[in-house]
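K.L.:
Following this message is one structure expressed as structure tokens.
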Amino acid sequence: MNTSFAKEPDLGVEIAGIKMKNPVMTASGTFGFGELYTDFFPLDQLGAVVVKGVTREARAGNPPPRLVETPSGLLNAIGLENPGVDKVIAEYLPPLAGCGAPVIVNIAGNTAEDYCYVAEKLSECPVVSGLEINISCPNVKAGGLAFGSRADLASDVVRQIRAATALPLIVKLSPNVTDIVEIALAVEEAGADALTLVNTLLGMAIDIKKRKPRLANITGGLSGPAMKPVALRMVWQVSQQVKIPVIGLGGIVTAADALEFIMAGASAVAIGTGQFINPCCCVEVAEGLNAYCLTHGIKRISDLIGVAWKE
Amino acid sequence: MKYHIPRAPVRAQIKTREAYLLTFEAPEIAQEAKPGQFVHIKTAKGSDPLLRRPLSICRALPAEGLVVVWYQAVGRGTALMTELMAWDEVDVVGPLGRGFDTEIAGEKVYLIGGGVGLAPLIFLGQKLAGANEITLFGGAKNAGLLETAQDLSALPAFWATEDGSLGHRGLVTELLKQSLEKEKPARFYSCGPHGMLAEVARLARAQNIPLQVSLESAMACGVGACLGCSCDKGSGREGYLKVCKDGPVFWDTEVNL
């Protein structure tokens, strides 16, 4: 095929009613509130901007050291550092109005009531297109993992948030569970509009000179290429069981990685650690998806969703 | 403005005693870099080591479009960097971070550096030299690193080595103390090991001399997104500063030294 005459492929996808011009999103907690990478690319190049996890109260986060590099991976224990929902609404979200990409706010909390409070507050912000419910932060005692590791508790908190807001709800699940399909089905039944798979893998590292853990928090969440096969496997398992769309993330740094997730059943992908390594990662992945579709005569990227198990 | 230059041509890599001088072409960074800012360098082609390495800019030559970093091979990432040769390419992001405050003129200024912590001070010295009276205090384990610092900087300087192979045998802060008995400079700038910074801060506070320090930290993003390189605000204040974005240069009153 002479690609110079080929029609530009349609990279658009729709997640939980949110229309995105391409399937590449930022991962929460890796992109600030969208203000930090504007020297590298305009936000309208993204499928969606997912901003830092927000809680009811301001949080200072965990003491340092918070990061450890591991083979092809990164352990972090940030601890949900954020300015709190009121300040986020007053100062951090307004500049995102008119940014050209849907804005999704990640929320976390100690109790179901906290989640509902934050969700209600954010529902009043016209700039917010959807909420990502973090029930999977491994780094704080009250970061929601208590909800995310049991199907009944996950279902209960999602049901309460569902009642508190009309915004699309995307639930971000933890990989640190025995059966992720069970939890996915439970939150789908409770009213989730989409799922993000997956948060970081719980891990640790030890300094053999000091004979102590390297992270002040002792354990942290592993991200980066090292975790990609695990995340991919979970997307594969869950996307075949649920009817709602799945956003895949975990170690995506190239368009080829993103394509693996899409073929495993993800309707969109999110990039986190990849963006730390290459500040243009998100746009390069989107361009790479476009190039793949052109080369292979794919008219719509959505035609590739789940092809690895559909065909 | 921050730039991502994925294929910056390497112009030269010189192995000096104890360290390396890497010169690469990055006209935008050379043009806009301020003393105290850093570049974030990808050391591996693949994903291991995964993260970039933050390195202070030692010299920026806007006319030639060149940037120089002076670094030691301390781990796997920097060890890989030492293999770069002329006409290789290096993946660089920069200039990043908040640099030194250079709004100062007609004053006596001390620059106090330990080891390759002298790198950003050499850049700073060039910037401040015309308008101020500058004295450089350099310390290291032995003469190796300091010989390079002597080559890179023409500032009047005092040198200290732990083994006595160049200048004063002992700590650079001992030289600093001696000078403070004779005169009182208007400002200190310092970069180096934590113990040295703590002693410099103690001396500065004793005489009410404003001090700026450049801190080091492991980093992931380098732009303030990952919130990984947090440092204590000190004085019991709650919350953390980010070395990459709020620093790496801080007033000593802002951080816990």
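The values are calculated or read from the model by the stated rules, or taken from the named source; none is laboratory data. It should be emphasised that the depicted structure is a prediction, and the values quoted were computed from it without experimental measurement. FYI the Cβ positions are ideal-geometry reconstructions off the backbone, even for glycines, and counts take in every protein chain you see.
K.L.:
Can you spot a residue in the range A:151-170 that is assigned to a helix (DSSP H, G or I), closer than 19 Å to residue A:79 by Cα, free of Cβ contacts under 8 Å to residues at least 24 places away in the same chain and over 17 Å from the mean Cα position of the chain (by Cα)?
P.N.:
Of the range A:151-170, the ones assigned to a helix (DSSP H, G or I) are A:151-164.
From what's left, closer than 19 Å to residue A:79 by Cα: none.
No; the residues of the range A:151-170 include none that is assigned to a helix (DSSP H, G or I), closer than 19 Å to residue A:79 by Cα, free of Cβ contacts under 8 Å to residues at least 24 places away in the same chain and over 17 Å from the mean Cα position of the chain (by Cα).
K.L.:
Anything in the range B:2-29 that is part of a helix (DSSP H, G or I) and either without any contact (Cβ under 8 Å) to a residue 12 or more places away in the chain or more than 22 Å from residue B:221 (Cβ to Cβ) (or both)? List them, or say none.
P.N.:
Of the range B:2-29, the ones part of a helix (DSSP H, G or I) are B:27-29.
Within the range B:2-29, just B:27 meets the criteria.
K.L.:
Just one of B:91, B:101 is in a strand (DSSP E or B) and among the charged types (D, E, K, R); which is it? Don't jump to the end; show me each part of the working.
P.N.:
Values: B:101 fails: in a strand (DSSP E or B).
Residue meeting the stated conditions: B:91.
K.L.:
Return the total of residues in the range A:274-304 being free of Cβ contacts under 8 Å to residues at least 60 places away in the same chain and under 19 Å from residue A:250 (Cβ atoms).
P.N.:
As a first pass, look at the range A:274-304 and keep what is free of Cβ contacts under 8 Å to residues at least 60 places away in the same chain: A:274, A:277-278, A:281, A:284, A:287-288, A:291-292, A:296, A:303-304.
Next, only the ones that are under 19 Å from residue A:250 (Cβ atoms) stay: A:274, A:277-278, A:281, A:284, A:288, A:304.
Counting residues in the range A:274-304 that are free of Cβ contacts under 8 Å to residues at least 60 places away in the same chain and under 19 Å from residue A:250 (Cβ atoms) gives 7.
K.L.:
So which residues in the range A:59-96 are of a type in the set (A, V, I, L, M, F, W, C), under 21 Å from the mean Cα position of the chain (by Cα) and farther than 17 Å from residue B:218 by Cα, if there are any at all?
P.N.:
Result: A:80, A:85, A:88, A:89, A:93, A:96.
K.L.:
Go through the range A:271-311 residue by residue and tally those that are outside any loop (DSSP other than H, G, I, E, B) and within 14 Å of another protein chain (Cβ to nearest Cβ). Walk me through how you get there before you give the answer.
P.N.:
Restricting attention to the range A:271-311, the residues satisfying the condition of being outside any loop (DSSP other than H, G, I, E, B) are A:271, A:273-277, A:281-296, A:300-304, A:307-310.
So of that shortlist, the ones also within 14 Å of another protein chain (Cβ to nearest Cβ) come out as A:271, A:273-277, A:281-284, A:287.
Adding up the residues that qualify gives 11.
K.L.:
Do we have residue A:185 as touching a residue at least 60 places away in the same chain (Cβ under 8 Å), surrounded by fewer than 23 Cβ atoms within 10 Å (Cβ to Cβ), outside any loop (DSSP other than H, G, I, E, B) and out of contact with any Phe, Trp or Tyr (no Cβ under 6 Å at 6 or more places or on another chain) here?
P.N.:
No.
K.L.:
Does residue B:146 satisfy the condition of being buried (at least 23 other Cβ atoms within 10 Å of the Cβ), in a helix (DSSP H, G or I) and on the phi < 0 side of the Ramachandran plot?
P.N.:
Values: buried (at least 23 other Cβ atoms within 10 Å of the Cβ): yes; in a helix (DSSP H, G or I): yes; on the phi < 0 side of the Ramachandran plot: yes.
Spelling it out, residue B:146 is indeed buried (at least 23 other Cβ atoms within 10 Å of the Cβ), in a helix (DSSP H, G or I) and on the phi < 0 side of the Ramachandran plot.
K.L.:
Could you tell me whether residue A:252 is within 14 Å of the chain's Cα centre (by Cα), touching a residue at least 40 places away in the same chain (Cβ under 8 Å) and surrounded by 23 or more Cβ atoms within 10 Å (Cβ to Cβ)?
P.N.:
Criteria not met by residue A:252.
K.L.:
May I pose another question? So which residues in the range A:206-227 are of a type in the set (A, V, I, L, M, F, W, C) and crowded, with 17+ Cβ neighbours inside 10 Å? Talk me through it step by step, then tell me what you get.
P.N.:
Within the range A:206-227, the first condition is being of a type in the set (A, V, I, L, M, F, W, C), and the residues that meet it are A:206, A:208, A:215-216, A:218, A:222, A:226-227.
If the condition is that a residue be of a type in the set (A, V, I, L, M, F, W, C) and crowded, with 17+ Cβ neighbours inside 10 Å, then A:215, A:222, A:226, A:227 are the ones that fit.
K.L.:
Which of the residues spanning the range B:45-58 are outside any strand (DSSP E or B) and either facing chain A (nearest Cβ under 10 Å) or of a type in the set (Val, Ile, Thr) (or both)? It would help to see each step written out before you state the result.
P.N.:
So the first thing to find is which residues in the range B:45-58 are outside any strand (DSSP E or B), and the list is B:45-52.
B:46, B:47, B:48, B:49, B:50, B:51, B:52 - these are the residues of the range B:45-58 that are outside any strand (DSSP E or B) and either facing chain A (nearest Cβ under 10 Å) or of a type in the set (Val, Ile, Thr) (or both).
K.L.:
For the range A:33-58, what are the residues that are under 14 Å from the mean Cα position of the chain (by Cα) and free of Cβ contacts under 8 Å to residues at least 60 places away in the same chain?
P.N.:
Once the filter is applied, which keeps residues that are under 14 Å from the mean Cα position of the chain (by Cα) and free of Cβ contacts under 8 Å to residues at least 60 places away in the same chain, the range A:33-58 yields A:49, A:51, A:52.
K.L.:
Enumerate the pairs (first residue in the range A:97-118 and within 25 Å of residue A:35 (Cα to Cα); second residue anywhere and assigned to a helix (DSSP H, G or I) and of a type in the set (D, E, K, R)) with beta-carbon separation below 6 Å, excluding pairs fewer than 6 apart on the same chain, so at least 6 apart or on different chains.
P.N.:
A:100/A:44; A:101/A:44
K.L.:
In addition: What about residue B:170, is it modelled with pLDDT of 95 or more, crowded, with 18+ Cβ neighbours inside 10 Å and small (Gly, Ala, Ser)? So that I can check it myself, show each step before the final result.
P.N.:
Details: modelled with pLDDT of 95 or more: yes; crowded, with 18+ Cβ neighbours inside 10 Å: no; small (Gly, Ala, Ser): yes.
For residue B:170, the condition - modelled with pLDDT of 95 or more, crowded, with 18+ Cβ neighbours inside 10 Å and small (Gly, Ala, Ser) - is not met.
K.L.:
Next question, about the same structure. Could you count how many residues in the range A:43-82 are closer than 22 Å to residue A:130 by Cα and at the interface with chain B (Cβ under 7 Å from one of its Cβ atoms)? Break it down into steps so the answer makes sense when it comes.
P.N.:
Filtering the range A:43-82 down to residues closer than 22 Å to residue A:130 by Cα leaves A:43-58, A:80-82.
Filter again for at the interface with chain B (Cβ under 7 Å from one of its Cβ atoms), leaving A:81.
So the count comes out to 1.
K.L.:
State whether the residues of the range A:5-24 include one that is assigned to a loop (DSSP other than H, G, I, E, B), modelled with pLDDT under 95, touching a helix residue (DSSP H, G or I) at 6+ places or on another chain (Cβ under 7 Å) and surrounded by fewer than 20 Cβ atoms within 10 Å (Cβ to Cβ).
P.N.:
yes
K.L.:
Suppose we filter the range A:228-249 for residues that are touching a residue at least 40 places away in the same chain (Cβ under 8 Å) and under 21 Å from residue A:104 (Cβ atoms); how many remain?
P.N.:
Narrowing the range A:228-249 to residues touching a residue at least 40 places away in the same chain (Cβ under 8 Å): A:230-231, A:234, A:236-249.
With under 21 Å from residue A:104 (Cβ atoms) added as a condition, the list becomes A:231, A:234, A:238-239, A:242-249.
Qualifying residue count, the range A:228-249: 12.
K.L.:
Related question: What's the number of the only condition in (1) surrounded by 24 or more Cβ atoms within 10 Å (Cβ to Cβ); (2) facing another protein chain (nearest Cβ under 8 Å); (3) not in a loop (DSSP other than H, G, I, E, B) that residue A:30 fails to meet?
P.N.:
Failed condition: (3).
K.L.:
Listed residues A:149, A:136, A:129; which is farther than 24 Å from residue A:228 by Cα and not basic (Lys, Arg)? Reasoning before the result, please.
P.N.:
Numbers: A:149 fails: farther than 24 Å from residue A:228 by Cα; A:136 fails: farther than 24 Å from residue A:228 by Cα.
On inspection, the qualifying residue turns out to be A:129.
K.L.:
Is it the case that some residue within the range B:30-44 is among the charged types (D, E, K, R), crowded, with 20+ Cβ neighbours inside 10 Å, within 14 Å of chain A (Cβ to nearest Cβ) and not in a helix (DSSP H, G or I)?
P.N.:
yes
K.L.:
On to the next question. Residues of the range A:53-104 being buried (at least 24 other Cβ atoms within 10 Å of the Cβ) and of a type in the set (Lys, Arg), which ones?
P.N.:
Within the range A:53-104, just A:66 meets the criteria.
K.L.:
Step by step: first the residues of the range A:258-283, then only those that are buried (at least 18 other Cβ atoms within 10 Å of the Cβ) and over 16 Å from the mean Cα position of the chain (by Cα), then the one that is nearest to residue A:36 (Cα to Cα). Which residue is that?
P.N.:
Filtering the range A:258-283 down to residues buried (at least 18 other Cβ atoms within 10 Å of the Cβ) leaves A:258-279, A:281-283.
Going one step further and asking which of them are over 16 Å from the mean Cα position of the chain (by Cα), we end up with A:259-260, A:263-264, A:277-279, A:283.
Values: A:259: 27, A:260: 28, A:263: 31, A:264: 31, A:277: 14, A:278: 13, A:279: 10, A:283: 15 Å.
Looking at residues that are buried (at least 18 other Cβ atoms within 10 Å of the Cβ) and over 16 Å from the mean Cα position of the chain (by Cα), I get A:279.
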